[in-house]
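The values are calculated or read from the model by the stated rules, or taken from the named source; none is laboratory data. Note that this is a predicted model, so its numbers are computed, not measured. FYI the Cβ positions are ideal-geometry reconstructions off the backbone, even for glycines, and counts take in every protein chain you see.
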Amino acid sequence: MTLGVLAVLAMAFVMFAGFWTDWLWYRSVAYSSVFTTTLWTKIGLFLVFGLLMALAIGVNIWLAHRLRPPLSAMSLEQQSLDRYRMSIAPYKKWVLLAVTALVGLIAGASASGQWRTWLMYVNGVAFGQKDPQFQLDVSFYAFDLPWYRFMLGFGFAATVLSLIAAALTHYLYGGLRITSPGARATGAATGHLSVLLGIFVSLKAVAYWLDRYGLAVKSSDFKATDNWTGLRYVDANAYLPAKTILFCIAAICAVLFFATLWRRTWQLPVIGFGLMVLSAILIGGLYPAIVQKFQVQPNEQAKEAPFIQKNINATRDAYDIDDAKVDDYDGQATTEDDTKLRAAANTAASYRVMDPNVVSPAFQQLQQRRNYYQFPRTLDVDRYKDKDGKEQDTIIGLRELNIQGLPKRNWINDHFTYTHGYGAIAASGTTTGTNPTGSPDFTESGLPSTGEFGKYEQRIYYGEKTEQYSIVGGPQKELDYEEDGEKTTSYEGDSGVSLSNSFNRAAYAVAFSEPQIMYSGAIGDGSRILYNRTPKERVEAVAPWLTIDGDAYPAVVDGRIKWIVDAYTTTNGYPYASRTTLGDTTADSLTTNQRAVVAQQNQVNYIRNSVKATVDAYDGKVKLYEWDTKDPVLKTWRKAFPGTVEPRGDIPQELMDHLRYPQDLFKVQRELLTRYHVEDPAQFYSGSDAWQVPDDPTNKEPGSVPPYYLSMKMPGQDAQQFSLTTTFTPRGRPNLGAFMAVNADAASKDYGTMRLLRVTSTVKGPGQVQSELNGNDDVAEFVRNLKGTDSDIEYGNLLTVPLEGGFLYIEPVYTRGGNQNYPLLRKVAASYGSKIVFENSLGEALNAVFGVEDDGSTTPPDTQDPPGETDEPPATGDAALKKAIADAQKAYSDGEKALQEQDWPAYGKAQEALQDALERAAAAQPKPGSEGDKADSAEKPEGDAKPEADAKPDSSAEQASDQGS
C-alpha cells in the first residue's frame, strides 16, 4: 500500500512539474496571460463537453434501465443473460459511473484541443467582405463555421454512443429481443430508441444545411488549378439544390421518428429513412454526375468562367496579391549605346558579390576564433550605414555558442561554464576584403567585435543555434570569451526562472530528467535557468496562434542585438480562395530544418504578415508588434489575448530601419502568382500563360531558386530600393517568363509594392545563363587551372536586374579548397543579351559585357579590384628578400605556437602569412638575365665562386620554405 501511494504521488508530481515549470516560464517572459487564457479555455471546454458527453451516456443508460420490462415477461433468450445481470447488479452504480467517466474524459480531452476554434468563434471580427454566393461575411466561414462543425460532430458522437449504450442496456434487461418469437422490442424501448434516431436524423438535416455553406470552402480537383476551393458550376446547379432537398427530407424523416412515441411502430420512420438514403444516392450523387457529364464537360470553359472569376478574385485578395502590378517588358535593350548601358549599370543595383548562402564558411574560418563558436549555415542580408553614412547591403551573422565544439564535455561545462555566444560579425555585400584577397570585407569583426556598429551588448544568450538549457547567475562563473586571456562573467539579466528555492529545483529536475539540478553545489542564490532559447520557440510559445517565418534574422538596434521574427495570421476558411500547403510552397534549394516554416503541413488559403516580433539576444525579452492594422484575424486574436500585441506606432524608428518583407510570405505569393497573375477566366482555364519558379541553377541540391534581397531600381524608378526579387519561367520552358520584385524596406512608404515584368520576347532564363557560363571557354580554362590545386569552383547567387529594357545577370564565382577551406571570390560572370563574360572583378565584367574600356569613370559604386589583382609590381632586391624571409620565419613560429594551443583560426592565418612571405621571397630574387643579375655577376670572383653574403639569403629562403612545407 505504501509503495502504491508513493507511486501515485510520484506520478502526480511528474505531471504537476510540467504544469508548474510552464507557468514559471510564462511568468518570466511576462506573458502569463497567454498561459492562463489558454489553460482556462482548455479546462472550460474539457469540463463542459466532458460533462455533456457523460450526462448524455449516463442518462440514456439510466433511462433504458428504468424502462426495462418486468422479469415475468422475460423470454428464454433473456434468461440466458441472467448471470450477466446478476454479476452487474451489485456494482451497477459503479459500472455506470465508470463508463460515463471514461467517455466523458475522452470527450473532454478531445474538446480541449478545440481551444483555438472556440476563441476565434467568440472573439471573431467581421472581415467587411461577403462571399459571392451566399452573401455572408467571410468571418462566418473563417470563425463560425468551424465551431458549428465541431458542435455537429460532437452531437453525432454523443447521439451514436447514447444509441449504442441504450440498445445494449435494453437488450441486457429484456427490452430488445433478437431470437425470441414475438415482438422484437417493448414499446418503451421502441420509443426511447426512436427518439435517439430522430435526434441523429435531425443532426443529419443540420449537416445537410451546413454543407450548403461548406461548398464555398470545399477543396476539389479541377483542371484550371490545383487545390481549387469554392463552388463550381455543378456545385451551384446540382449539389446546392440537392443539399437543400436532402435537408427537407431529413427534417421530415426526423419528425416520423419522433412520432413513434405515439404510434409505437417503426414502419413510417424506416420508410422515411430509406427514402432519405435513396435520395442521397440519387439527388446527392447521381444527379450532379449527370449534370457534370452532359452539361459541363461539353462546354466546360464557358460554364465554369463565372466561377473561375470568383476564384481568381478571392485568391488574389486572400494572399494579398490583388495589387500586384503586371507590366509588359520586352526584355531587349532599348539602346545600342554601350557607354550609356555601362553608365546605367552603375546605378541599376548594388550588385551583391558576397552571397550569404556561400560565405558562411569564410565567416567561420576567419571570425570563429574558438571551436565552441559557430555561424549559421546561411547568413542574413540587412542594411547598415557605412562610415560615410551611406546605407549599404550588409551580410550579418552572430557568433553563437556551439556546444559540440567544447574542449571538454561535461554537465558543468555544457550548462554552467559555456553559456553564450559573443558578438555580431558583418561584412559589406558589395565589396571584398584583402586579407586574404577575395574574403568578406568585414565592417564588424574581432572578439569582442568592433567596427561600424559602435558599442552594444555582445553576449548572445538566445539564438538560432542555442538549444540547450543553461544555468546562470549563481556561484558558478561563466566563461565570457577568450582573447588575450580568459575572461569570466556572471549573467546580470532578469531572464529565466529562479532556482533559488528547492521546490523549483525539484520541478526542473523532473521536467528535464536531470537529478543533478536538485543537489548540485553549482546552483545557489541568484541561479536562474534559461531555456526555450531559440527566437522561433519563444515567439511561438507566447503567441501560439501565429505561424512563424522560417528565417529569424539579427539586427543591432539601440545598443542591443535583437532577433527579428516575422509572424503570420492564417486561416483555411476564406471562401473561393485556393489553398496551399505552407511547407511545400516555402521550400527552396536552401531550405533546411532550421529555416523551415514551423507550420510545415498547414493548409491555408489566407495569410497576412500581421506581426513583427523581436527577441533580445541577451535577456530573451519577447515583444510582439502589430504590423497589418487591417487584418481581421489579428484583431480577433488580440481580443482573445488582450495586451499581448503592442500597437504599430510603438515600433522604434531604429528597429523600423531593419524590418523587411518576409521571405516565406513572398514565396507563397510568388507560387500563387505563377497562375493567378492571369485575371481573364478563359486564359486562366487554358493555362497558356502559366509560369513556374525555376530550379536553382547554382545549387547542386534540387529545389526552387530562392528569392534574393537586393538594392535595385525597377523600370521607372529614380533611386534604388531594398527589394526582394525572383524570376519565373514559362511552364515547361527554360526561357525567362517574368521578373518580380517587392519593396522590402519597411521604412519606405512604398513597402509591399509588388511589380511583375512579363517578358514579351525570348530572353534567356537563369538555367540557360548558367549552362552557357558552364560551357564558356574562359570558365573551362579557369576550372582546368584549379585541377592541380585541390580547389573547387563554387557559384554564388545569380542576380537578375532589369536594365534599359533588357536583363543583366550577375554571378560571383568562388574557389574553395587547396590552402583555404572556405570560399574566396575569384571571378565575376555577367550576361546581357546574347553576350556572357567571365572576368576578374565586377567592374571588369561590366566593362566587358558592354564592350567598353574602363576610363576611371565607369567603375560601379561599392566595388573594387578583383582579389589578387594589383598594378603595383612586387618588391625586389636584397632588402625585400630579407624582409620576406624574416616574415616567413615569424609566420612559421606563430603557426607552431597556434598548433600547440590548437588555435586553428590563428594557425590558418599564420599559414596564409607564411605562403605570402614565401611568394614575396621568390619574387624578390633577381631573374636570370636581368640587369640586377648581370650586376651581381660582374662582381663575382673568377671561378664563379659565390660570395658568402649572397649565399645566405638563398639558404635561408630554402630553409624557410622547407619549414613551411
Name the residue, out of THR37, THR2, that is among the hydroxyl-bearing types (Ser, Thr, Tyr) and at pLDDT 90 or above. THR37
Could you tell me whether any residue of region 751-762 is without any contact (Cβ under 8 Å) to a residue 24 or more places away in the chain, out of contact with any helix residue (DSSP H, G or I) (no Cβ under 6 Å at 6 or more places or on another chain) and of a type in the set (D, E, K, R)? no
Could you check how many residues of region 740-749 are surrounded by 17 or more Cβ atoms within 10 Å (Cβ to Cβ) and under 20 Å from ASP322 (Cβ atoms)? 5
Examine region 347-361 for a residue that is surrounded by fewer than 23 Cβ atoms within 10 Å (Cβ to Cβ), β-branched (Val, Ile, Thr), in contact with a helix residue (DSSP H, G or I) (Cβ under 9 Å, 6 or more places away or on another chain) and touching a residue at least 24 places away in the same chain (Cβ under 8 Å), and state whether such a residue exists. no
For VAL763, state whether it is crowded, with 18+ Cβ neighbours inside 10 Å, more than 25 Å from the chain's Cα centre (by Cα), at negative phi and assigned to a loop (DSSP other than H, G, I, E, B). yes
In region 722-736, which residues are surrounded by 20 or more Cβ atoms within 10 Å (Cβ to Cβ) and closer than 20 Å to GLU804 by Cβ? SER723, THR725, THR727, LEU736
Checking ASP226 against (1) in a helix (DSSP H, G or I); (2) touching a residue at least 40 places away in the same chain (Cβ under 8 Å); (3) not hydrophobic (A, V, I, L, M, F, W, C), the condition it does not meet: (1)
Quick one: count up the residues across region 499-519 that are of a type in the set (S, T, N, Q) and without any contact (Cβ under 8 Å) to a residue 40 or more places away in the chain. 4
Looking for something among the polar types (S, T, N, Q) and surrounded by fewer than 16 Cβ atoms within 10 Å (Cβ to Cβ) - is there at least one such residue anywhere in region 310-323? no
Region 121-166, residues that are outside any helix (DSSP H, G or I) and in contact (Cβ under 8 Å) with a residue 24 or more places away in the chain: GLY124, VAL125, ALA126, PHE127, GLY128, GLN129, ASP131, PRO132, GLN133, PHE134, LEU136
If we keep just the residues of region 511-545 that are closer than 20 Å to GLY463 by Cβ and β-branched (Val, Ile, Thr), which is farthest from the chain's Cα centre (by Cα)? ILE529
Please specify each residue of region 204-219 satisfying the condition of being touching a helix residue (DSSP H, G or I) at 6+ places or on another chain (Cβ under 9 Å) and not in a helix (DSSP H, G or I). LYS218
Please work out which one of (1) at pLDDT 90 or above; (2) in a helix (DSSP H, G or I) is the condition LYS827 fails and give its number. (2)
